[in-house]
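Notes follow the structure.
The values are calculated or read from the model by the stated rules, or taken from the named source; none is laboratory data. Since this is a predicted model, take the numbers as computed values, not measurements. Here the Cβ positions follow ideal geometry from the backbone for every residue, glycine too, while neighbour counts run over all protein chains shown. For the accessible areas, the whole protein counts, side chains as well, though only heavy atoms, and no ligand, DNA or RNA atoms are used. Shrake-Rupley method; radii C 1.70, N 1.55, O 1.52, S 1.80 Å.
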Amino acid sequence: MKIEVNGEQRDVAATNVGEALAELGLGEARVATALNGTFVSAAARDGTALSPADRLEVLTAMQGG
Amino acid sequence: MRDFYGETLKTPMMLGTARFPSPAVMEAAFRESGASVATVSLRRERGAGQAFWDMVRGLGVHLLPNTAGCHSAREAITTAQMAREYFQTDWIKLEVIGNADTLQPDPFGLLEAAEVLCADGFKVFPYTTEDQVLAARLVDAGCRVLMPWGAPIGSGMGLNNIHGLRTLRAAFPDVAMVIDAGLGLPSHAAQAMELGYDAILLNTAVAEADDPAAMARAFAMAVQAGALAATSGPMGMRDMAVPSTPLIGKAWL
């Protein structure tokens, strides 16, 4: 299905957030995730189903003031 | 020094990690500043996150994640939740921006987000103005730290409203307060500490100096001087001159 990952269209076979991260090569990466603007904790990723056109944000540490 | 949600900071200096010319220069600035807190953020993963995470952990200071760039309570709340998991801290520098030019806080969104986050166990450091009514509402929401701006973020103008900042300090004697944003020179930092503030938060003034490490040291010295002055009973101001040399015993010439 087509979903948006960090603002870019992606075609994924994954059916949940955890599978999507693995498919994107971020299965082991230290990241924080949100789906359609709502926080998805690391523990909840496998149990959070994806639907077409979902917006997945995958964030990491960055410089900040 | 007042404590920050139970934590006593070794120095009254918080330093941002953005805008430095290189990671090595940033690390040198942290060493010279003696900063006890580093602010960090979350952004979209593009491959550099792990290295930065390893580096900031190596600084050996408290991490204070921010919600920079958020323009609504909802965005800020989600960002705070993500930051808590990523950075493994309940501390959050809560920014809800209301104006793109001044980067002024949106007081309504800020209060809404602070209420939700405090209730959810976050230790909220709200980036606010010197508005005393808003400060009272933030304290009512559960904030035990307030971070009023000195001037707009990145402007380097110093303390734009000294009267307002002095009034705010006096109004909440038990609340730890940090001057966040707008400081450009060490003298601004000294002035903030002289007013009785508990710490300052810097970024651009150090990161964009020609020699960030030296400027960090200059700020560290200024903060120390200001804090010492604040506890040393500064003299009151007068309108007229008062001679310091005694008049008694002056020769008749």
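Using 0.36 nm per residue and subtracting the Cα-Cα separation, the extra length available between B:Arg44 and B:Asp90 on full extension is 14.4 nm.
List the residues of segment A:20-35 for which accessible area in the full set of protein chains is at least 40 Å² lower than for the chain on its own; 1.4 Å probe, protein heavy atoms only. Relative to the lone chain, where solvent access is computed with a 1.4 Å probe, segment A:20-35 loses at least 40 Å² at A:Arg30, A:Ala32. Atom-type composition of the exposed protein surface of chain B places 54 percent of the accessible area on carbon and sulfur (1.4 angstrom probe). Its Cα gyration tensor gives segment B:144-253 an equivalent ellipsoid. The semi-axes, each the square root of 5 times an eigenvalue, are 32, 19, 12 Å from largest down.
Among the residues of B:61-69, the average count of other protein chain beta-carbon atoms within 10 Å of the residue beta-carbon is 1. Over the Cα atoms of segment B:13-232, the radius of gyration divided by the Kirkwood radius equals 0.94; this is the Rg/Rh ratio. Highest GNM mean-square fluctuation among B:Ala76, B:Ala229, B:Ala119, for chain B modelled with Cα contacts below 10 Å: B:Ala119.
Averaged over peptide B:76-88, the number of partner chain Cβ atoms lying within 10 Å of each residue's Cβ comes to 5.
With R₀ fixed at 25 Å, the C-beta to C-beta distance from B:His71 to A:Lys2 puts the FRET efficiency at about 0.35. Label 7 Å along Cα→Cβ of A:Asn16; segment A:32-51 residues with amide nitrogen under 16 Å? From segment A:32-51, the list is A:33-35, A:40-51.
Given +1 at the Cβ of Lys and Arg, -1 at the Cβ of Asp and Glu and no other charges, the dipole of the protein assembly as shown around its Cα centre is 820 debye to the nearest 20. Label sites at B:Asp54 and B:Ser22, each approximated as a point 7 angstrom past Cα along Cα to Cβ, lie 1.8 nm apart. Any chance you could give the angle, 0 to 90 degrees and rounded to 10, that helix B:162-171 forms with the longest Cα principal axis of chain B? Roughly 80 degrees between the two axes. When you filter the trypsin sites (Lys or Arg not before Pro) in segment B:1-102 for DSSP loop state and at most 11 other Cβ atoms inside 10 Å of their Cβ, you are left with B:Arg46. Here's how it looks for B:Gln104: its modeled amide H is under 5 Å from those of B:Gly98, B:Asn99, which are all 5 or more places away or on a different chain. Only aspartates and glutamates eight or more places from B:Lys10 in sequence, or on another chain, were considered; those with a Cα closer than 15 Å are B:Glu32, B:Asp198. Across segment B:24-41, rounded Karplus estimates of 3J(HN,Hα) from the backbone phi angles (6.51 cos²θ - 1.76 cosθ + 1.60, θ = phi - 60°) give 5, 5, 4, 4, 5, 5, 5, 4, 6, 6, x, 4, 9, 9, 10, 8, 9, 9 Hz, Gly and Pro being marked x.
Placing dummy labels 7 Å off each Cα toward the beta-carbon, the span from A:Ala49 to B:Ala100 is 3.9 nm.
Helix B:73-87 against the longest principal axis of chain B: what's the angle in degrees, Cα atoms only, rounded to the nearest 10? Roughly 80 degrees between the two axes.
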